[in-house]
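Below is one structure, written out as structure tokens, with a few remarks after it.
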Ligand code: B3K
Ligand code: ZN
């Protein structure tokens, strides 16, 4: 175990307002890669709402202190130390100038100021600003910033920072400068600068109130041909926030800058969003339909932060979901509206299904392990470890529940009140809840538990039909089941669960809904029950026939529903439910149940077989041309191996893989003709179109191809895939064909066709890093065989000249893809995957702790696996715990071993 003392735990309960406030900040940068000088002049005053402190404590990391002056005079009582700077006995109100030096060229953490591809970039959230200058680097300290950048004009022709450009000009010695001013007060985590050789796609638009806005997407010159989609996404985001929430862009200029070395997706710095290239650059040849959709979502997300996060920010980092959960909800709604408008429920459901898949696979797993935490965590060691699925995705579900309870209009009223009360402030999740409650005249005290309780709630359902009385009662019981210890200690009482339900008659149509005590049936055939007690019965009256319940429609709450449907009932729901989400859900339940039974058999070596009725249910979806292609693709996609393994009493990735492969093969062989017909019918010949319809066709066609690659005789699939690979005019089709070729030959240890396509792919896209990432990822996630374990391929690729551990995208494309997205190969019984994981976590820890900590999380569920795997994982975790240095990784592995 660790040989150093337990690192400090930061607790929500310990929040205290800052002793000092900083009203204005003037920053001057002399940008030099190895030695950047930063001069920081602040207007400081005592905080009237805080207890008195004679010393002024500023945060700082990896800085070389040069000097301090107070009100223009040198200040002798400044002491620099490991965590920052202490100024003794300062006045009540003063101007402080601090000069310090940092080394962006050597900054591999990608937090603070760093160099990537010869250009300067910053990343300050959560605590990176203190790596640039000494500061009160906490979100409740808000100041207006003026920024002067000076640098060599030849090397750094473009100089950007937040807000509006005040002036720019030349300096002696081939240098130049630019001065920027951000008129809005902001916390330091929203500061940004960019300097380098960049070009921009520009567009001028008029905002809702008629003001001119300059929009720019900045990239390296050779990427200018991949910026159109990001620009369109930005324009659509601006329009959407105006029409759906009445929120206008508040700056004259809005910039997006792409950088290839970046720890996460993107960052919402005020007026100067910095993006991972992965979420900006796209054209049909290099980006898949999924990439296009992700770019739209992330551009939207960062833009929407301008109000939810920037204009109203977080009081402290425990409130992170205040901005993240809300902004994820907003980006999900934006994408749904872009796909289906407000009314096309089927198109909206596609987005909903994708989001719920992610939530269930990733957030439910997080809730089941040692990192389980509430949406508003109570404590942390390293805040960067809490940018989690719980804070983001469950946080979004919590926001969605307000809208489910109050409707779109009620939600909008709540948002309006939130901005009216809190614009320009740093606030808490409680403030948001109170705004929603007050705008809708409701007491939402119980709803607070969604923020404070960890773990995935379980709702079990019992139903009873009384034919004589025509009454149908639905009894709901809530609890958490047997949850992880980290979650259990937070669970205090029942939640307010909006539980949407419909009742379906024998003909497949919805029945009218009238609850006991109501005068008549409601207009809608979906009802949101407000389920608030541990157990509660809802009785429907005038129910003429025994219905089949459609439960938790549109996934109205982030819970697990337990109800004993028969296979026939699930097949019926899959064919008839008017709620498209629940149609999909019925198919998933059916498949999950079948797959788990088969996985159980696989562990005992019993031969596997699949019931014909399951094949028939899938066949109906496959051949139902009245369903949209994108819905069919989602319905025909089996639950992922990771999700299935997580459902087993003891996770057994090999058994899950065997079961899932068996079912895929069985469906492929039994429905061969149908898959072929679908493949032909949904081709999209001609020029590439980026519409949701066209992408739905491609998705379904490529799913068919992937099933065909499972055929006992894959020759036909290989022929189709090769032809598709060669003829493809877009990355969606080309990468799907390559993946089919790899998988079709996996059982036989590879094929000439697959190798040729791989080589061709590399040559063709050698100059496109994002596509080469796909090349690595496709190989890392491919199916393996006993003769050809994927770990050997991965180890070989680690030595490939294009591999680079320092670039997070590249590290993720190979290492994370293998460790987190190829469970059957990663969890090899011989422990080879775990040994590899340990090596890489240790190597990354020394380079980039945030990225290392993400990778470290891939073993956190170790206690839930079979004994052999469990032992191997523990040994690997112990090895990592004994060697890593960063607070980031230590928190993860120590919690895992706990
Ligand atoms: N707010 C940033 C995430 C920062 C992560 C810091 N480790 C991106 C986003 O959620 O929009
Ligand atoms: Zn965000």
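The values are calculated or read from the model by the stated rules, or taken from the named source; none is laboratory data. Just so it is clear, the model here is predicted, and its values are computed rather than measured. Neighbour counts run over all protein chains shown; Cβ positions are idealised from the backbone, glycine included.
When residue 850 is tested against the conditions (1) assigned to a helix (DSSP H, G or I); (2) in contact with a helix residue (DSSP H, G or I) (Cβ under 9 Å, 6 or more places away or on another chain); (3) more than 16 Å from ligand 2 (Cβ to nearest atom), the lone failure is (3).
To keep it simple, each residue is scored yes or no on (1) assigned to a helix (DSSP H, G or I); (2) out of contact with any helix residue (DSSP H, G or I) (no Cβ under 8 Å at 6 or more places or on another chain); (3) touching a residue at least 60 places away in the same chain (Cβ under 8 Å); (4) within 16 Å of ligand 1 (Cβ to nearest atom).
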| site | (1), (2), (3), (4) |
| --- | --- |
| 796 | yes, yes, no, no |
| 805 | no, no, no, no |
| 829 | no, no, yes, no |
| 842 | yes, no, no, no |
| 872 | yes, no, no, no |
| 877 | yes, no, no, no |
| 892 | yes, no, yes, yes |
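Looking at residue 380, is it closer than 20 Å to residue 315 by Cα, touching a strand residue (DSSP E or B) at 6+ places or on another chain (Cβ under 8 Å), within 16 Å of ligand 1 (Cβ to nearest atom) and at pLDDT 95 or above?
The answer is yes for residue 380.
A count restricted to segment 330-343 and to residues that are within 11 Å of ligand 2 (Cβ to nearest atom) and out of contact with any strand residue (DSSP E or B) (no Cβ under 7 Å at 6 or more places or on another chain) stands at 1. Among residues of segment 248-272 that are within 27 Å of residue 767 (Cβ to Cβ), those with a beta-carbon under 6 Å from a residue that is in a loop (DSSP other than H, G, I, E, B) and within 15 Å of ligand 1 (Cβ to nearest atom) at least six positions away or on a different chain give the pairs 258/280; 261/110; 263/110. Residue 424 - would you say it is surrounded by fewer than 19 Cβ atoms within 10 Å (Cβ to Cβ), at positive phi and free of Cβ contacts under 8 Å to residues at least 24 places away in the same chain? Answer is no for this residue. Tell me, yes or no, whether segment 532-550 has at least one residue that is in contact with a strand residue (DSSP E or B) (Cβ under 7 Å, 6 or more places away or on another chain), assigned to a loop (DSSP other than H, G, I, E, B), within 26 Å of residue 445 (Cα to Cα) and touching a residue at least 60 places away in the same chain (Cβ under 8 Å). Taking every residue of segment 532-550 in turn, none turns out to be in contact with a strand residue (DSSP E or B) (Cβ under 7 Å, 6 or more places away or on another chain), assigned to a loop (DSSP other than H, G, I, E, B), within 26 Å of residue 445 (Cα to Cα) and touching a residue at least 60 places away in the same chain (Cβ under 8 Å).
Here is a yes/no grid of residues against (1) closer than 19 Å to residue 460 by Cα; (2) buried (at least 16 other Cβ atoms within 10 Å of the Cβ):
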residue: 491; (1), (2): yes, yes
residue: 500; (1), (2): yes, yes
residue: 505; (1), (2): no, yes
residue: 514; (1), (2): no, yes
residue: 518; (1), (2): no, no
residue: 524; (1), (2): no, no
residue: 530; (1), (2): yes, no
residue: 534; (1), (2): yes, no
residue: 538; (1), (2): yes, yes
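In segment 158-197, of all residues being over 17 Å from residue 271 (Cα atoms) and in contact (Cβ under 8 Å) with a residue 24 or more places away in the chain, the one that is surrounded by the most Cβ atoms within 10 Å (Cβ to Cβ) corresponds to 196.
Table: residues versus (1) touching a strand residue (DSSP E or B) at 6+ places or on another chain (Cβ under 6 Å); (2) in a helix (DSSP H, G or I); (3) buried (at least 22 other Cβ atoms within 10 Å of the Cβ).
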residue	(1), (2), (3)
666	no, yes, no
677	no, yes, no
685	no, no, no
690	no, no, no
693	no, yes, no
696	no, yes, yes
710	no, no, yes
713	no, no, no
717	no, yes, yes
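Put simply, of 375, 391 the only residue that is within 16 Å of ligand 2 (Cβ to nearest atom), modelled with pLDDT of 95 or more and not in a helix (DSSP H, G or I) is 375.
Can you name the strands (runs of 3 or more DSSP E) wholly within segment 11-93 that have at least 3 residues being surrounded by fewer than 17 Cβ atoms within 10 Å (Cβ to Cβ) and touching a residue at least 12 places away in the same chain (Cβ under 8 Å)?
It comes to 20-30, 36-46, 64-70.
Only a single item in (1) within 16 Å of ligand 2 (Cβ to nearest atom); (2) farther than 24 Å from residue 528 by Cβ; (3) over 21 Å from the mean Cα position of the chain (by Cα) is not met by residue 381, and it is number (1).
Screening segment 212-326 for strands (runs of 3 or more DSSP E) wholly inside it with 2 or more residues that are crowded, with 24+ Cβ neighbours inside 10 Å and either away from ligand 2 (no atom under 16 Å from the Cβ) or at pLDDT below 95 (or both) returns the ranges 212-219, 253-259.
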